[in-house]
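The values are calculated or read from the model by the stated rules, or taken from the named source; none is laboratory data. Values in this document were obtained by computation on a predicted structure and should not be read as measured data. Every residue, glycine as well, gets a Cβ built from its backbone with ideal geometry; the counts of neighbours run over all protein chains shown.
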Amino acid sequence: MDSNEGIFFSDELMQEIKDRFYYVDSDLDNRERLYFDNAGGSFRLKKAVEQFSKIDSIPDNPERIHQTALFLQEMQETGTADIRTILNANGGTVFCALTASAAMFDMVRAIAENIRGGNMVTTVLEHPSAYDAMTYYANKLGKELRVAKSDPVTGGVDVEEIAKLVDRDTCLLNVMYASNISGAKLDIENIVKRCREINPDLYILVDAVQHAPHGVIDLKKTPVDGINLAPYKFFGCRGSGISWLSDRASILPHHKLGGKKVGFWDLGSAAPWQFSVVTEIVDYVCWLGGKFMDSGERRELFVCGMNRIALHERALLSRMLNGTAEVAGLRRLNGAKVFLDYADLSKRDLIVAIGIDHLDHIQAVREYEKRGVVVYERAASSIYSKRMLESFNMDGAVRISPLHCNSAQDIDKFLQITAQLCEMN
Ligand SMILES: Cc1ncc(COP(=O)(O)O)c(C=O)c1O
């Protein structure tokens with residue numbers, strides 16, 4: 001099943017999937033379009049948006065004894081269990097913030113301020129939410145910040161590049177699951193293993209915002225101390241950043257109301273819809289898994305659903321790069337360039353960085369938009385791209401990020417439009 005070329009969903013299932021999401025084939029004015037910027041905000045599940053609105057319309061405070069409050073409490077418990085299902089996490093603390101960035105700053109602060117060690121390690125590819133949090137607390141606490149280099153061949157960061165920066169004096173390693181520039185997945189399992197061989201007590205944080213919607217996360221195999229994701233990039237809604245902390249990290253001193261339990265992290269009243277949106281995401285992925293296996297076990301169905309998403313996305317990625325007999329793929333399209341291209345697609349999430357030879361990246365994004373395609377320019381002038389692009393010696397790129405809700409035909413259409421851009425000159 002695990003083919004390097006991936007496996008497409010059947011046409012029938014593809015249609016069922018598209019029907020479950022908003023705006024997959026058209027924009028809010030009902031104009032046909034290809035939305036290929038899911039790394040900036042993913043297609044929304046209709047049911048997640050319905051739950052968001054339904055639950056947020058309830059005025060009741062969940063911290064009461066009334067019937068509706070009890071209903072909300074139960075929903076929060078289910079959502080919390082579902083976050084553990086996504087991560088395969090036991091114990092620890094689930095923590096809901098308004099954004100993934102806010103949660104990351106809080107997690108970094110607790111570890112950096114309370115764990116001994118003269119240095120902190122991260123990678124050059126981190127999103128500013130992790131990189132800047134590490135820089136801020138390293139400066140504030142007088143610790144050395146060590147930054148692992150990227151690998152222009154894989155588009156990621158190699159295990160040994162990280163491991164060689166870790167020693168017995170490292171207080172925290174902060175590393176992302178996958179790059180939101182190249183789509184390269186980092187080998188988190190081996191990073192955790194290698195770095196804990198060097199420093200068995202090492203605290204590790206992982207930014208899974210980019211990777212979570214594309215593949216299985218398994219904290220049993222990658223026992224880290226904190227991990228975050230963003231539902232709005234994972235078929236859900238904006239205004240929510242979800243994290244999980246290990247038992248030992250959760251009890252470190254952190255901002256909290258004094259009367260709450262020592263491992264409690266929510267600051268103020270978390271919105272109950274955050275939990276029900278997560279449950280909708282997990283229900284959906286389990287529904288998808290149920291198309292391929294029979295199981296009464298939620299995590300098993302979830303894993304099957306995520307693996308199928310990954311396989312379909314790999315098939316889309318392969319189609320985009322290699323094309324078909326009728327449509328030229330990006331790799332052989334004259335006038336287009338694939339940056340950080342890598343042969344083994346099993347090491348990639350569905351993100352591609354490209355350039356159109358005679359168009360600068362912003363112009364290319366505009367030309368795509370005129371033809372009904374939404375993509376994103378990663379410019380070296382942007383705080384969200386500069387450091388990562390420079391590490392690859394790139395001045396920018398057009399980022400293409402479809403989702404498993406897209407079909408092979410969507411990719412073909414994108415390739416035809418890309419060919420038009422290449423011929424524009
Ligand atoms: C890899 C990665 N990490 C963290 C974040 C931060 O998410 P938010 O802006 O929701 O806090 C983003 C958002 O773009 C991201 O792509």
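Only one residue in GLU189, GLU160 is touching an Asp or Glu at 6+ places or on another chain (Cβ under 9 Å), more than 16 Å from the ligand (Cβ to nearest atom) and modelled with pLDDT of 95 or more, so which one is that? Unique residue meeting the criteria: GLU189. Take the conditions (1) more than 20 Å from ASP82 (Cα to Cα); (2) surrounded by fewer than 21 Cβ atoms within 10 Å (Cβ to Cβ); (3) not charged (D, E, K, R); LEU317 misses just one of them, which is (2). Only one of the listed residues (VAL209, VAL192) is over 17 Å from GLY40 (Cβ atoms) and not acidic (Asp, Glu). That residue is VAL192.
What number of residues within the range 25-52 satisfy the criterion of being exposed (fewer than 12 other Cβ atoms within 10 Å of the Cβ) and either within 16 Å of the ligand (Cβ to nearest atom) or free of Cβ contacts under 8 Å to residues at least 60 places away in the same chain (or both)?
To start, the set of residues in the range 25-52 that are exposed (fewer than 12 other Cβ atoms within 10 Å of the Cβ) comprises 28-32.
Retained after the next criterion (residues that are either within 16 Å of the ligand (Cβ to nearest atom) or free of Cβ contacts under 8 Å to residues at least 60 places away in the same chain (or both)): 28-30.
Of the residues in the range 25-52, 3 are exposed (fewer than 12 other Cβ atoms within 10 Å of the Cβ) and either within 16 Å of the ligand (Cβ to nearest atom) or free of Cβ contacts under 8 Å to residues at least 60 places away in the same chain (or both).
Taking each residue of the range 333-354 that is of a type in the set (Ser, Thr, Tyr) and looking for partners that are part of a helix (DSSP H, G or I) and buried (at least 17 other Cβ atoms within 10 Å of the Cβ) with beta-carbon atoms closer than 7 Å, six or more apart or interchain, yields SER346/ARG314.
Within the range 259-277, the set of residues being part of a loop (DSSP other than H, G, I, E, B) and over 21 Å from ILE115 (Cα atoms) comprises GLY259, LYS260, ASP266, LEU267, GLY268, SER269, ALA270, ALA271.
For GLU280, are the conditions met, namely being touching a strand residue (DSSP E or B) at 6+ places or on another chain (Cβ under 7 Å) and assigned to a helix (DSSP H, G or I)?
Working: touching a strand residue (DSSP E or B) at 6+ places or on another chain (Cβ under 7 Å): yes; assigned to a helix (DSSP H, G or I): yes.
Considered against the rule, which asks whether it is touching a strand residue (DSSP E or B) at 6+ places or on another chain (Cβ under 7 Å) and assigned to a helix (DSSP H, G or I), GLU280 comes out as yes.
I need a count of the residues in the range 128-138 that are under 24 Å from SER381 (Cβ atoms) and either among the aliphatic types (A, V, I, L, M) or more than 16 Å from the ligand (Cβ to nearest atom) (or both). Matching residues across the range 128-138 total 3. Residues that are under 20 Å from the mean Cα position of the chain (by Cα) and in a helix (DSSP H, G or I) within the range 319-345 comprise just one, LEU345.
Residues in the range 165-180: is at least one over 30 Å from ASP266 (Cβ atoms), assigned to a helix (DSSP H, G or I) and either in contact (Cβ under 8 Å) with a residue 40 or more places away in the chain or not aromatic (Phe, Trp, Tyr) (or both)? Scanning the range 165-180 turns up no residue that is over 30 Å from ASP266 (Cβ atoms), assigned to a helix (DSSP H, G or I) and either in contact (Cβ under 8 Å) with a residue 40 or more places away in the chain or not aromatic (Phe, Trp, Tyr) (or both).
Within the range 51-95, being among the acidic types (Asp, Glu), in a helix (DSSP H, G or I) and within 15 Å of ALA271 (Cα to Cα) holds for ASP56, GLU74, GLU77. If we scan the range 168-178, do we find a residue that is away from the ligand (no atom under 14 Å from the Cβ), on the phi < 0 side of the Ramachandran plot, crowded, with 24+ Cβ neighbours inside 10 Å and not hydroxyl-bearing (Ser, Thr, Tyr)? Yes.
Would you confirm, using the coordinates I've provided, whether LEU34 is under 20 Å from the mean Cα position of the chain (by Cα) and not polar (S, T, N, Q)? Full working, then the answer.
Details: under 20 Å from the mean Cα position of the chain (by Cα): no; not polar (S, T, N, Q): yes.
In short, no.
Among the numbered conditions (1) outside any helix (DSSP H, G or I); (2) within 16 Å of the ligand (Cβ to nearest atom), the only one that PHE105 does not meet is (1). Of the residues LYS221, LYS261, LYS233, the single one that is among the charged types (D, E, K, R), out of contact with any strand residue (DSSP E or B) (no Cβ under 6 Å at 6 or more places or on another chain) and under 25 Å from GLU63 (Cα atoms) is LYS261.
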